[in-house]
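These notes are about the structure you will find just below.
The values are calculated or read from the model by the stated rules, or taken from the named source; none is laboratory data. Note that the structure is predicted; figures quoted are calculated from it, not measured. As a convention, Cβ positions derive from the backbone with ideal geometry for all residues, glycine included, and neighbour counts pool all protein chains shown. Remember, those area values only see protein heavy atoms, side chains included, never the ligands or the DNA or RNA. Shrake-Rupley method; radii C 1.70, N 1.55, O 1.52, S 1.80 Å.
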Amino acid sequence: MSIFETLSPAEKARQLGHPEGEVGLAVAEWLNGNNRVSNARMIDSLNLSRGMRVLEIGPGNGRAAPHVVASAEDVHYTGIDLSPTMVTEADRFNADLVA
């Protein structure tokens, strides 16, 4: 059973809208698992080419960023998120890309 399944409906809605803390990190991982295939298809459908810029609004923990950047040479990726927990986790996970 995932942590998401143990939450009340109100807590699910709150964590989906503004993930925070350890529960928010766990919910983001749950979302990554459920959305991995559809996210990869969406990125592939962008048909990115050299030098393109991508803005992702609400990237959560940033797990899709490496796929976006690897889609074509010299792709510039920016992600913005309202959740400080997700921004911190995305920065941590993508430290090599950020550098």
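Sort 14-20, 30-36 for me by packing, meaning the mean count of neighbouring Cβ atoms within 10 Å per residue, highest on top.
Values: 14-20: 16.6, 30-36: 14.1.
Top of the packing list down: 14-20, 30-36.
Could you tell me which label, among (1) -0.72, -1.56; (2) -0.63, -1.51; (3) -0.69, -1.34, carries the value of log10 I(q)/I(0) by the Debye sum over Cα atoms at q = 0.16, 0.25 Å⁻¹ calculated for this structure?
(3)
I'd like to check one number: the per residue accessible area of the chain, probe 1.4 Å, reported in Å² as a whole number. Working shown, then result.
Details: 6430 Å² over 99 residues.
Each residue of the chain exposes 65 Å² on average to a 1.4 Å probe.
Which percent of the accessible area of the chain is formed by carbon and sulfur heavy atoms (probe 1.4 angstrom)?
On the way: 3650 of 6430 Å².
Carbon and sulfur: 57 percent of the exposed surface of the chain.
Specify the residue with the greatest mean-square fluctuation among Ala28, Ala72, Ala64, computed from a Gaussian network of the chain linking alpha-carbon atoms under 10 Å apart.
Evaluated over the chain, the most mobile residue of the options is Ala72.
For every helix of n ≥ 4 consecutive DSSP H residues, a contribution of -39,500 (n - 2.57) applies; sum these over the chain, divide by its total residues, and give [θ] at 222 nm rounded to the nearest 500 deg cm²/dmol.
Rounded to the nearest 500, the figure is -17000 deg cm²/dmol.
Under 12 Å from the Cβ of Ala90, count the other residues' Cβ atoms, weight Lys and Arg +1, Asp and Glu -1, and hand me the total.
-2
How would Met86, Met42, Met52 rank on accessible area, largest to smallest, probe 1.4 Å?
Met42, Met52, Met86
Taking the Cβ of Val23 as the center, what net charge do the other residues with Cβ under 12 Å away carry, scoring Lys and Arg +1 and Asp and Glu -1? Can you show the working numbers first?
Details: positive: Lys12, Arg14; negative: Glu11, Glu20, Glu22, Glu29.
Taking every Cβ under 12 Å from that of Val23, the sum is -2.
Take the Cβ-Cβ distance between Ala72 and Trp30 as r, set R0 to 30 Å, and report the resulting FRET efficiency rounded to the nearest 0.05. Before the final figure, lay out each step's value.
Details: r = 30 Å, r/R0 = 0.98.
Efficiency, rounded to the nearest 0.05: 0.50.
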